């Protein structure tokens, strides 16, 4: 069993969206990236991950896969075991194998539901506990359940 880490122990900050007025835990809002020791911070080209100096330095982040999408990504969700990743875009939900990065399936919004041929974004994806069913919510106010 893994170690439990409280939700407010770690913070990820995008350089493009730092908002000091955002409501966060006092422990998180007091972190200044410039004063955090290198052992408690990891940076990428457009992101930084920090942990408070009072916690063990366990940040180890690396890019495993990049999943190209055909349109704006509206939502992503890992399955309960983290073996699968679902993404929601315009008129499609896509399933990936997180270990290999392989695209497993594209679940298109049915043509009869998209009579206008306009954009129809999938806004929510959610796996059931056994990971054999995916619920998909789109802007047309319909929840589709795929097994």
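Just one of 91, 83 is surrounded by 10 or more Cβ atoms within 10 Å (Cβ to Cβ), at pLDDT 80 or above and at positive phi; which is it? Full working, then the answer.
Numbers: 83 fails: at positive phi.
The match here is 91.
Suppose the filter is in a strand (DSSP E or B) and on the phi < 0 side of the Ramachandran plot; does residue 71 pass it?
Working: in a strand (DSSP E or B): no; on the phi < 0 side of the Ramachandran plot: yes.
In short, no.
Filtering region 101-139 down to residues that are in a loop (DSSP other than H, G, I, E, B) and within 22 Å of residue 66 (Cβ to Cβ), which residue is modelled with the lowest pLDDT?
Our first condition is that a residue be in a loop (DSSP other than H, G, I, E, B); within region 101-139, this holds for 101-102, 109-110, 114-120, 128-133, 139.
If we keep only those that are within 22 Å of residue 66 (Cβ to Cβ) as well, we get 101-102.
Working: 101: 89, 102: 92.
For region 101-139, the residue satisfying everything is 101.
Looking at region 31-57 only, could you name the residues that are in contact (Cβ under 8 Å) with a residue 24 or more places away in the chain and surrounded by 12 or more Cβ atoms within 10 Å (Cβ to Cβ)?
Here is the first cut: in region 31-57, the residues in contact (Cβ under 8 Å) with a residue 24 or more places away in the chain are 46-52, 55.
Within region 31-57, 47, 48, 49, 50, 51, 52, 55 meet the criteria.
The values are calculated or read from the model by the stated rules, or taken from the named source; none is laboratory data. This is a predicted model, so every value here is computed, not measured. Quick reminder, even Gly has a Cβ in these numbers, built from the backbone with ideal geometry, and neighbours come from all protein chains shown.
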